[in-house]
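Structure, as structure tokens:
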Amino acid sequence: SGPLEGKVVELFYDVVSPYSWLGFEVGHLANVWNLDLRFRPAYLGGVMHLSGNTSPAEVPNKAIYMATDLDRQAKYCNIPLRFPANPFEAMFEKGILSF
């Protein structure tokens with residue numbers, strides 16, 4: 001038993017987000033932690049567009065931090081994380097929907 005036992009945790013994810021991948025991969029811990037993990041699909045591109053925000057991947061210093069942070073978290077959680085050959089194309093040009 002622990003502080004999360006019996007709690008509901010909602011994971012809002014977008015398939016183009018590498019952070020979502022990490023969330024999916026650690027999702028197996030829901031059983032260990034005895035919590036109810038609920039997956040909620042979200043369209044991050046739409047949120048960014050409607051709020052007038054820019055993706056961190058499009059801001060040079062944030063992109064550098066994000067790459068370092070993702071690598072660090074993947075190693076810490078022992079999760080293999082490989083980026084596509086052209087991540088910008090995969091996330092922004094192809095994406096999951098078109099505007």
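Quick check on the stretch 61-84. Is at least one of its residues among the aliphatic types (A, V, I, L, M), at pLDDT below 85 and closer than 28 Å to VAL8 by Cβ? Checked against the condition, which is being among the aliphatic types (A, V, I, L, M), at pLDDT below 85 and closer than 28 Å to VAL8 by Cβ, the stretch 61-84 yields at least one hit.
The residues of the stretch 55-78 that are within 13 Å of the chain's Cα centre (by Cα) and assigned to a loop (DSSP other than H, G, I, E, B) amount to a single one, SER55.
What residue, of GLU89, GLU93, is surrounded by fewer than 12 Cβ atoms within 10 Å (Cβ to Cβ), at pLDDT below 85 and either more than 15 Å from PRO18 (Cβ to Cβ) or under 14 Å from the mean Cα position of the chain (by Cα) (or both)? Break it down into steps so the answer makes sense when it comes.
Details: GLU89 fails: either more than 15 Å from PRO18 (Cβ to Cβ) or under 14 Å from the mean Cα position of the chain (by Cα) (or both).
None of the others qualify; the one that does is GLU93.
So which residues in the stretch 37-54 are outside any helix (DSSP H, G or I) and among the β-branched types (Val, Ile, Thr)?
THR54, the sole residue that qualifies.
Assess whether ARG82 counts as being part of a loop (DSSP other than H, G, I, E, B) and of a type in the set (Lys, Arg).
Answer is yes for this residue.
SER55 versus (1) modelled with pLDDT under 85; (2) of a type in the set (S, T, N, Q); (3) closer than 25 Å to LYS7 by Cα: which is the lone unmet condition? Failing condition for SER55: (3). The set of residues in the stretch 16-44 being farther than 14 Å from PHE83 by Cβ, surrounded by 12 or more Cβ atoms within 10 Å (Cβ to Cβ) and either among the polar types (S, T, N, Q) or within 14 Å of the chain's Cα centre (by Cα) (or both) consists of GLY23, PHE24, GLU25, VAL26, GLY27, ASN34, PHE39, ALA42, TYR43, LEU44.
Here VAL47 meets the list (1) surrounded by fewer than 14 Cβ atoms within 10 Å (Cβ to Cβ); (2) over 24 Å from ILE79 (Cα atoms); (3) in contact with a Leu (Cβ under 9 Å, 6 or more places away or on another chain) almost entirely, failing just condition (3).
The values are calculated or read from the model by the stated rules, or taken from the named source; none is laboratory data. What you are looking at is a predicted structure, and each value in this text was computed from that prediction instead of being measured. Using ideal geometry, Cβ is built from the backbone for each residue, glycine included, and neighbour counts are taken over all protein chains shown.
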